[in-house]
Amino acid sequence: MCGVVSIVYENDNKNLGIEASFLLKKLEYRGYDSTGASFFHKSGDIILMKKVGAPSVVTEELEIGKRSGNKFIGQVRWATYGSVTDENAQPHEVKCKAHLVGAHNGNISNTDKLKKYLSENGHNIVSDNDGEMLVHVIEHYFSKITENKEQLTNEDKIKYFKDAIRLSEKRVIGSYAACVSMPDIPGVFAIKSGSSLYAGKGRDAGGDFIVVSSDLTSVLSKTRFLIPFSEGEAIYFTHDDFKVFSVKTDTEYKPELKRSRLNISDIALQPRFNYFMEQEIASSSMNIHKLTNYYLLKEHENQYQEIFENQYKECRALLYELVKLYDIFDSKEFKLAFEKIISNKSFEDVYEKVIALKIEMFKDAKSIGFTSEDTTLLNELLGFGEIYFMKLFVLDLIITWKKKRTIIKYKKEIVKIFKDSKKKRISIYMVASGTSYHASLTGAYFLNNIEGISIITANPGMFRSLYLNSIKENDVFIGVSQSGETKDLVDIFNDLRKKLGNKIKLISIVNNENSTIPQEKSDFYLPIMCGTEIAVAATKSFTSQIALFHILAMSINSEDNSIRQELGKIRHYMNFTMKNIEEDITEVVLKLFLKPSIHILGTSLIGIAMEGALKIREVVLNHTQGYDSAEFKHGPNTILGKNTIFSFDILEKLHTNMLAYFSDIYNNIFKNKEQLKAYILLMKNFKFSDYGADILKGYYERVEEQKIYQKAYEGYTNHIDIEKYFSNYPLIFVCPPDERDKRITISQIHTHKIRGADIIIIAEDDDDLRKAVEGRPAGQEQYYHKFITVPQTGNKFIFAYEATIVLQQLALKMSVVKRKYLNKNKIENHGVHPDVPKNVSKSITVD
């Protein structure tokens, strides 16, 4: 996943560089291998700047914020085709047959063939990057179309450029989005061919503008008014005008602007947080509250929802008219259309009936505010005056009712499927990748332990190799995906539909409801509704996923009120845990953040252990593996005791030892201070990759006074005691409040700590567990232990949420501390970051 972005103003804007830096940083979560920016001036001059590194770094190093111009095209790269070099960074400027600048997001799968074809046809290829091939292909066809044409007008160039894009689309194989332009046309072309791309129109201090980006949030940071265009289309835009055209046919049109439902404040980093990951962990509890509002009925809701049901057609018509407001750009027209809705006789009738109920919550309506998915629109309408509040509040109830009735309908359907699975011997498969797979394992834990329902869980690769050919008619398949676009999961949906047609039920659980899996591949879906997640490492979505599974499991035999109370307890204990683990977490972070390898051992809660390990791997970049605690003794325990895994802090100690040793032997070996100074300088400047006695050996073999340095080398190798540099291996146990789980955990702790393990445990306080953890094994003087205590509930299901919070916080804080450590030591391109760690992207949409 990469990201492209472009913005066009009418005239040269002295602040364009500031806007460019802002927009590039908004895309950092999509790519951070390299960053590039191209600035077009009205004079035709182009400045291209690009370099290896994340936007937050490169924009400062290249002083991108100081640039001006009227057009900007930028790109952030997550490398796929071509190594991470400045040459492979985008945008690419080409001048072989025409002068173009462009950048793309996605993958061009026939890159090698295109490179050969372009080279044979006179193009100078300077990188291995597929983005360069795309720009050259467009250049190639544009030059062929205009080869014998003279005195082209701007209109001619724009027309022929569209034709060149259409011809390029036939030649190029892959999924991508791209922005391309020329210095002598006023606008930019943006192409949407298999990858996300969004456009918006607005006005700021620089005047009217149109902005295009791979990421919706970056567009919404500039404007709420979007230009709709679809897959297989492109847009040519200037500062105030645009045309959408097909990349396959000659059709083109100008769509009406649409108002976005999203509020930028919902996806911006709040002042009290330093990272999106931190903010998203903190929001987990409120997201569970949102699930309860949509999946569970309250008694007072029945009263006004009965009114809505009795006037179903009228309410549907009102909502249809309300949705039309999103397409109105003019403020006066916007207000008139709204007033027409609330003066409609159908609305007045519904409104009067609802208000006549005199429900207690109406007294607190202003403090409750709007809670539906159209909150942004309703707040904008409220700007016309407080006199509209109660009518807007009732509209908010209608909007919520409409979505809630659909959710509850499908909740009941899936609950019936779970019940029937015990009677009819049907198999239920739950398939997901990454974090969603770990949530599925935890969901299967809830269903098995609460209701005795068996779920077969797998990731797509496992499912394809183990179950695809044995799944049968009337079985049930549940795909779990946050993005709803996971490529290997989409493929499984396609395989099953082809194999069994409508004789298998295909269900999805997603966060992004407007994505491929729920909209095109599923019989129905259930949303987790946790909002946009900016940090690459999923946290709040994991918690919402397991909460939804928990709701479904409890819904089989429990009433909504008791489920609501249980979820209320969960939210309380999550918040309590968050507030009370700071000191314990900090101690463990300082102990572990440089450890190169860790195991997290879950007793029963294997999904939680695997997810905790994934979070540390993702954002700390320390190898961490989640395992069943009893299974660890079957092979992985060989890592305990002496091993050759040395961490940075151990290497630092060894380095310090070397410096001290050579200072001590100065009088015995070195004949003058200059020799000593040279040697100490050598040692201070060594790299970890050149480490240890080998550097000494190599050095003395290259100097004149070989005997002196040979003596130093031999003395050092005799002096060093490697035994001092071995350390215990860290194990983190996750133990729920269950007697059998406790006995298993205690047995494993005793088994492993005597073999060289440091023990950290996440559990409710328990005397037996504490004794097992705190007892120092004989001969293990460096043994470390820590008991991270979570609130006492005696409920193993509530504990799953508490343990999740602890592990997410541990990963977050380890990432922050390690990042500071590496930055302080001037280690470049280390990739440690809570929001945008290296080598991973938010949604994997390639094979």
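The values are calculated or read from the model by the stated rules, or taken from the named source; none is laboratory data. Everything quoted here is computed from the prediction, not taken from an experiment. Backbone-built Cβ (ideal geometry, glycine too); neighbour counts: all protein chains shown. Heads up: the accessible areas ignore ligands, DNA and RNA and are worked out on the full protein's heavy atoms, side chains in. Shrake-Rupley method; radii C 1.70, N 1.55, O 1.52, S 1.80 Å.
Screening Glu473 against (1) surrounded by fewer than 16 Cβ atoms within 10 Å (Cβ to Cβ); (2) assigned to a helix (DSSP H, G or I) leaves a single unmet condition, (2). Suppose the filter is out of contact with any strand residue (DSSP E or B) (no Cβ under 6 Å at 6 or more places or on another chain), assigned to a loop (DSSP other than H, G, I, E, B) and open to solvent by 40 Å² or more (accessible area, probe 1.4 Å); does Gln782 pass it? Considered against the rule, which asks whether it is out of contact with any strand residue (DSSP E or B) (no Cβ under 6 Å at 6 or more places or on another chain), assigned to a loop (DSSP other than H, G, I, E, B) and open to solvent by 40 Å² or more (accessible area, probe 1.4 Å), Gln782 comes out as yes.
Among residues of region 460-472 that are at negative phi, those with a Cβ under 8 angstrom from a residue that is open to solvent by 70 Å² or more (accessible area, probe 1.4 Å), sequence gap 6+ or separate chain, pair up as Leu468/Lys499; Ile471/Lys499. Here Gly36 qualifies as modelled with pLDDT of 95 or more and more than 18 Å from Gly187 (Cα to Cα). Of all residues assigned to region 158-171, none qualifies as being open to solvent by 10 Å² or more (accessible area, probe 1.4 Å), in a strand (DSSP E or B) and basic (Lys, Arg). Run Lys149 past the list (1) in contact with a strand residue (DSSP E or B) (Cβ under 8 Å, 6 or more places away or on another chain); (2) assigned to a loop (DSSP other than H, G, I, E, B) and report the number of the one that doesn't hold. Status for Lys149: all satisfied but (1).
For region 232-245, the tally of residues that are small (Gly, Ala, Ser) and modelled with pLDDT of 95 or more stands at 1.
Just wondering, is there one or more residues in region 447-462 that are among the β-branched types (Val, Ile, Thr), touching a Gly at 6+ places or on another chain (Cβ under 6 Å) and in a helix (DSSP H, G or I)? I'd like the intermediate steps shown before the answer.
Just the residues of region 447-462 that are among the β-branched types (Val, Ile, Thr), to begin with: 450, 453, 455-457.
Keeping just the survivors that are touching a Gly at 6+ places or on another chain (Cβ under 6 Å) gives none.
No, region 447-462 contains no residue that is among the β-branched types (Val, Ile, Thr), touching a Gly at 6+ places or on another chain (Cβ under 6 Å) and in a helix (DSSP H, G or I).
Checked against the criterion of being open to solvent by 30 Å² or more (accessible area, probe 1.4 Å), of a type in the set (Asp, Glu), part of a helix (DSSP H, G or I) and closer than 30 Å to Lys579 by Cα, the candidates Asp741, Asp768 yield just one match: Asp768. The test for being small (Gly, Ala, Ser), within 24 Å of the chain's Cα centre (by Cα) and either surrounded by 22 or more Cβ atoms within 10 Å (Cβ to Cβ) or within 22 Å of Phe242 (Cβ to Cβ) (or both) does not hold for Ser56.
Mind telling me which of the residues Thr146, Thr223 ends up being surrounded by fewer than 21 Cβ atoms within 10 Å (Cβ to Cβ) and at pLDDT below 95? Break it down into steps so the answer makes sense when it comes.
Values: Thr223 fails: surrounded by fewer than 21 Cβ atoms within 10 Å (Cβ to Cβ).
Result: Thr146 is the single residue among Thr146, Thr223 that is surrounded by fewer than 21 Cβ atoms within 10 Å (Cβ to Cβ) and at pLDDT below 95.
It is to be established whether one or more residues within region 230-239 are in a loop (DSSP other than H, G, I, E, B) and more than 19 Å from Ser175 (Cβ to Cβ).
yes
Taking Arg564, is it open to solvent by 20 Å² or more (accessible area, probe 1.4 Å) and in contact with a His (Cβ under 8 Å, 6 or more places away or on another chain)? No, not satisfied.
Assessment of region 718-736 against the conditions (open to solvent by 10 Å² or more (accessible area, probe 1.4 Å), in a helix (DSSP H, G or I) and either at pLDDT below 55 or touching a Phe, Trp or Tyr at 6+ places or on another chain (Cβ under 6 Å) (or both)) yields at least one matching residue. Check whether at least one residue in region 188-195 is modelled with pLDDT of 95 or more, open to solvent by less than 10 Å² (accessible area, probe 1.4 Å) and either assigned to a loop (DSSP other than H, G, I, E, B) or small (Gly, Ala, Ser) (or both), and report yes or no. Yes, because at least one residue in region 188-195 is modelled with pLDDT of 95 or more, open to solvent by less than 10 Å² (accessible area, probe 1.4 Å) and either assigned to a loop (DSSP other than H, G, I, E, B) or small (Gly, Ala, Ser) (or both).
Within region 205-219, can one find any residue that is in a strand (DSSP E or B), touching a strand residue (DSSP E or B) at 6+ places or on another chain (Cβ under 9 Å) and among the acidic types (Asp, Glu)? Yes, that holds for at least one residue.
When region 79-94 is filtered for residues that are among the hydrophobic types (A, V, I, L, M, F, W, C) and crowded, with 17+ Cβ neighbours inside 10 Å, the ones remaining, listed by number, are Ala79, Ala89, Val94.
Just so you know, in region 422-437 the residues that are out of contact with any helix residue (DSSP H, G or I) (no Cβ under 9 Å at 6 or more places or on another chain) and within 23 Å of Leu466 (Cα to Cα) include one that is most open to solvent (accessible area, probe 1.4 Å), and it is Arg425.
Among the residues of this structure, Leu318 counts as one that is within 23 Å of Ser260 (Cα to Cα), open to solvent by less than 50 Å² (accessible area, probe 1.4 Å), modelled with pLDDT under 95 and out of contact with any Asp or Glu (no Cβ under 9 Å at 6 or more places or on another chain).
Against the list (1) in contact (Cβ under 8 Å) with a residue 60 or more places away in the chain; (2) under 19 Å from Lys51 (Cα atoms); (3) open to solvent by 60 Å² or more (accessible area, probe 1.4 Å), the condition Gly102 fails is (3). Could you tell me whether Asp45 is open to solvent by 10 Å² or more (accessible area, probe 1.4 Å) and in contact with a His (Cβ under 8 Å, 6 or more places away or on another chain)? Considered against the rule, which asks whether it is open to solvent by 10 Å² or more (accessible area, probe 1.4 Å) and in contact with a His (Cβ under 8 Å, 6 or more places away or on another chain), Asp45 comes out as no.
Scanning region 270-307 for residues that are open to solvent by 50 Å² or more (accessible area, probe 1.4 Å), without any contact (Cβ under 8 Å) to a residue 60 or more places away in the chain and touching a helix residue (DSSP H, G or I) at 6+ places or on another chain (Cβ under 7 Å) gives a single hit, Gln270. Hey, any hits in region 786-806 for a residue that's open to solvent by 60 Å² or more (accessible area, probe 1.4 Å) and of a type outside the set (Gly, Ala, Ser)? Yes: region 786-806 contains one or more residues that are open to solvent by 60 Å² or more (accessible area, probe 1.4 Å) and of a type outside the set (Gly, Ala, Ser).
Criterion applied to Thr376, Thr400, Thr406 was being within 22 Å of Arg316 (Cα to Cα) and at pLDDT below 90, and the one residue passing it is Thr376.
Yes/no matrix, rows are residues, columns are (1) buried (at least 17 other Cβ atoms within 10 Å of the Cβ); (2) in a helix (DSSP H, G or I):
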{"site": "Phe384", "(1), (2)": "no, no"}
{"site": "Ile387", "(1), (2)": "no, yes"}
{"site": "Val394", "(1), (2)": "yes, yes"}
{"site": "Thr406", "(1), (2)": "no, yes"}
{"site": "Asp420", "(1), (2)": "no, yes"}
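It is to be established whether one or more residues within region 264-283 are among the acidic types (Asp, Glu) and modelled with pLDDT under 95.
yes
Yes/no per residue for (1) on the phi < 0 side of the Ramachandran plot; (2) open to solvent by less than 20 Å² (accessible area, probe 1.4 Å):
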position	(1), (2)
Val480	yes, yes
Asp488	yes, no
Asp491	yes, no
Arg497	yes, no
Lys505	yes, no
Val510	yes, yes
Ser515	yes, yes
Asp523	yes, no
Met529	no, yes
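Please go through region 612-635 and give me each residue that is crowded, with 24+ Cβ neighbours inside 10 Å, closer than 14 Å to Leu807 by Cβ and polar (S, T, N, Q), ordered by number. Residue satisfying the conditions is Thr624 alone.
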